[in-house]
Amino acid sequence: MDAIRAAALRVLLKCCAKDLERILKCNAAPEEHLGLPLSVIALANQEPELAQALYARPLEVIALLDDATLQAQSEIKNVIERRYEDGRQDLSGSAEGAGAAPLLNVYDNVHVRLVGLPSSLDPRVGPLRPPLSRVGCAQLHQLLSVTGTIVRGSPVRMWESKQVYECTRCKGRFGLKCSIESGGAVDVPENCPIQRSQPCTGSKFKKVPDISIYSGYQEIRLQAATACLGLGEPPASLTVVLQDELADSVKPGQGVEVVGVLVPRWLSTTPGQRCELELVLIANNITAWNRGRGRGRPDVEHPGLQGPASMPPFLPDPWGSTANPPGGLQVTPEVVALFEDFWQAHADKPLLGRNKILAGVCPGVAGLLPVKLAVLLVLIGGVARRSEGGTHIRGELHLLLVGDPGTGKSQIMKWSCQASPGRAVLTTGRGSSGAGLTVSAVREGNSWALEAGALVLADGGLCCIDEFDGIRPTERAVIHEAMEQQTVHVAKAGLVTSLSTRTAIIGAINPRPGTTITCSRPLTEITGMEGPLLSRFDLVLLLADPRHPDWDKLVAGHVLARRSIIGASERAAVLKADAMQPSALPAPPDLKATLPNSLLSDDGLVGAGLWSSASVDTPHAANPRPVGQGQMSIAQRVAAQLSGHVQGFASAALKPLQDQSSEGVEHANMDPEGVTFSSSSGDARSAWTLEVIRAYILWVRGRMPPVMTPEAERVLVAYYGAMRRAEERIAARSTIRALESLIRISQAHARLVRSNRVLLRDAVVAVVLVDTSQQLLHIPGGDNVTCARFPSDPDQELLMHQRVVLTALGLTSLLPAPPPMLPAPFD
């Protein structure tokens, strides 16, 4: 034990000297609790035996580290004082003299907070980084690192962390630390522990009143993130105990990573009653992820500290600048290079490249091109900013889908939750109250605790609310502040606080019974929603069931192309095969961009492991053939990079891109919905898969925000003026919020097409999307959102929309000059 104490002191002096000096100079209150960050990797490099003891007996070693902070502060203080004394002697003969020594205070309540655990730096699931659903008795008394979302937080309570006892024989006093495992009880020794020249034989002790040390603690409920759950798996939860300065450092709705020790806690020790135990995690450190839609590395909140200055420079950044929180998708430089090459290949036709990305947005739904574009813009988002008066202006987009039953609203929202790189919550308005959407107060024993609702849990991500009209009218006003100001102020049961709701919202509702969806009717009449709530949605799209034979035939062909109808006798043999029937839709050839040579393997081949499971059950996958450089699209190359760089073979999803001259494989096509398929294998898939789109969203979010150009500003202001001057204008859709919505939509579209500036095309796209529900400019095809399909030449269609919009707004001066006419030939 003495060797471990000496090793703990040496580690603190070597790895935490700067942080200890900062604590000595912080001028905090003497009774304040302070955190001292210590890198576990640095500890293992300096003292391997201490690191082994830390993982074998974590609670005991952490207590020794806390005790060693007092002696370490004294030694650092002596070093600083000697340094200033030597400097004063060296400068005694100079005219300036030496500066005054700083005020140094030694604090008793300094706690070591472990950072940089090897299990925390590895995003994979392991024994010391288990998911919450697997935390159990096997991890008792082990140092763990778990992640999740805080769904409940109790108020900060006080408890006796240390009691002082007096021996009735020798009158000596000694302190005993209380244990949370036993509910705050202490283990009183059998004999007097005071060491004297003549040992005391006393065995009776009495507690000294008014000398006990009290500390604050808080209990939070940690729930597994929805993105980490399997299909139909309920979210697991775990109680976490925060002590001292960690208490009240996080709020419900935040995503956190907790480093602590799992211990059992007795719930009932009453004689004659059944003993009950629960597993709790005694937190040693808690890290809150940066908000802003899941970007950035986490921040450790230590009172009086600015972060671990002792972190060694060789430690890798486990999250990166544009990555998701731990366990999420990582955007590597190789993937970024592929995205850059994709847009270089589509520099002349940016909207064609955009539509290739849109082809992977909910591919199971036919048509709905404006809806798929709007959903992708919601996931990307605009640019948040602060006004001159300090008011926060949100950058998240809110989308409302108003459609007849069976138009694909629910499928769109489910796909959006899966594609969201950050947190995503899917709920329904009929099963949620106003408190369930924001925050509720629940009773815990003799006190109250706050429990986060759907919008708070989705902070920094996406919240999809199906059947939005199911929210009772008396409770709809509760979410007004959460949607626009992105905060929720709570004053319930004596708890007064504010929680953040920086989330994008996608809502879906059916029209009122007996109401036909048409642009000629006011939105308040179609939806039955009040104007203040409608004005908070940036986009409102009307999805009417066309009931046209041609459209019904096209939708039926699209469904059959993705899911064939197989007889009962044949279903067992091909249960896992998908889309075995060739598509009946016409398909123009797909344009493939060239690939960078630096990312090819030595033999010029490439493979993908993302669809490795599909290659087992798909025809023609038994004899895979290599894929050449010019025969694979960049989107599929990104998927190969994300899947783990599997080299030398191609899976079934890459079959359409194999050598077209080989036997049994025909020319690869892409249908109007952007789905690539092979007529021989019938595999209907988009090159832009869900994982590729998630990686792309993370990448564009991490880029510099686009700058608005004067041409785009003129278009947006002119359309806003047209909305205000319209005779039959919708009051709820023509407020100043409408202009802010146009700005956010144009910024999101500029991000989508990887542009550093909001150009004229981005403003025109924003106007076209907003005008679909108002029809102020009468853009051709704008009143039929459901049947909108992928055009053969989207860039040419944009020029047509640009001409219509600028002409209707009186901005013909912004139209591009026509090409010069050739002179007539001489006879």
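Some observations on this one:
- Residues of the stretch 755-768 satisfying the condition of being surrounded by fewer than 24 Cβ atoms within 10 Å (Cβ to Cβ) and in contact with a strand residue (DSSP E or B) (Cβ under 9 Å, 6 or more places away or on another chain): Asn756, Arg757
- Scope the stretch 695-722; condition farther than 25 Å from Phe339 by Cβ, of a type outside the set (Gly, Ala, Ser) and surrounded by fewer than 21 Cβ atoms within 10 Å (Cβ to Cβ); matching residues: Pro710, Glu711, Glu713, Arg714, Val717
- Pair list, Cβ under 8 Å, 6 or more apart: the stretch 542-571 residue assigned to a loop (DSSP other than H, G, I, E, B), other residue hydrophobic (A, V, I, L, M, F, W, C) and at pLDDT 75 or above: Ala544/Ile517; Ala544/Val785; Pro546/Cys787; His548/Cys787
Yes or no, residue by residue, for (1) assigned to a strand (DSSP E or B); (2) more than 28 Å from Ile41 (Cα to Cα); (3) over 20 Å from the mean Cα position of the chain (by Cα):
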| residue | (1), (2), (3) |
| --- | --- |
| Leu144 | yes, no, yes |
| Val151 | yes, yes, no |
| Pro155 | no, yes, yes |
| Glu160 | yes, yes, yes |
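- Among the residues of the stretch 706-713, some residue qualifies, meaning at least one is within 23 Å of Gly422 (Cα to Cα) and at pLDDT 90 or above.
- Check on Ser792, touching a Cys at 6+ places or on another chain (Cβ under 7 Å), of a type in the set (S, T, N, Q) and either over 17 Å from Val717 (Cβ atoms) or in contact (Cβ under 8 Å) with a residue 60 or more places away in the chain (or both): no
- Annotation: Leu279 fulfils all but one of (1) part of a loop (DSSP other than H, G, I, E, B); (2) at pLDDT 50 or above; the unmet one is (1).
- Test: residue in the stretch 731-743 that is part of a loop (DSSP other than H, G, I, E, B) and over 17 Å from Arg536 (Cα atoms): no
- The number of residues in the stretch 476-535 that are more than 27 Å from Leu379 (Cβ to Cβ) and part of a strand (DSSP E or B) comes to 7.
- Residue among Val439, Val383 that is surrounded by fewer than 24 Cβ atoms within 10 Å (Cβ to Cβ), in contact with a Gly (Cβ under 9 Å, 6 or more places away or on another chain) and among the hydrophobic types (A, V, I, L, M, F, W, C): Val383
- Scanning the stretch 733-781 for residues that are touching a Pro at 6+ places or on another chain (Cβ under 7 Å) and closer than 22 Å to Thr518 by Cα yields Leu769, Thr772.
- Counting only strands (runs of 3 or more DSSP E) that fall entirely inside the stretch 380-475 and contain at least 1 residues that are touching a residue at least 40 places away in the same chain (Cβ under 8 Å), more than 26 Å from Arg694 (Cβ to Cβ) and not polar (S, T, N, Q), the qualifying elements are 398-403, 439-444, 447-452.
- Here Val402 passes the criteria (1) within 24 Å of the chain's Cα centre (by Cα); (2) at pLDDT 85 or above; (3) buried (at least 23 other Cβ atoms within 10 Å of the Cβ); (4) not hydroxyl-bearing (Ser, Thr, Tyr) except the one numbered (1).
- Lone unmet requirement of (1) surrounded by fewer than 22 Cβ atoms within 10 Å (Cβ to Cβ); (2) modelled with pLDDT of 50 or more; (3) under 20 Å from the mean Cα position of the chain (by Cα) for Leu377: (1)
- Residue within the stretch 111-127 that is at pLDDT 80 or above, closer than 15 Å to Val258 by Cα and assigned to a loop (DSSP other than H, G, I, E, B) present: yes
- Number of the exception - Cys178 against (1) at pLDDT 80 or above; (2) surrounded by 15 or more Cβ atoms within 10 Å (Cβ to Cβ): (1)
- Condition check for Val805: touching a residue at least 60 places away in the same chain (Cβ under 8 Å), more than 33 Å from the chain's Cα centre (by Cα) and either at positive phi or in a helix (DSSP H, G or I) (or both): yes
- When residues of the stretch 83-110 are limited to those that are assigned to a helix (DSSP H, G or I) and either surrounded by 13 or more Cβ atoms within 10 Å (Cβ to Cβ) or in contact with an Asp or Glu (Cβ under 7 Å, 6 or more places away or on another chain) (or both), the one modelled with the highest pLDDT: Tyr84
- The stretch 442-463, subset touching a Gly at 6+ places or on another chain (Cβ under 8 Å) and closer than 25 Å to Pro405 by Cα, residue surrounded by the fewest Cβ atoms within 10 Å (Cβ to Cβ): Ala454
The values are calculated or read from the model by the stated rules, or taken from the named source; none is laboratory data. Just so we're clear, the structure is a prediction, and the values are computed from it rather than from any experiment. Methodologically, a virtual Cβ is constructed for each residue, glycine included, from the backbone with ideal geometry; neighbour enumeration extends over all protein chains shown.
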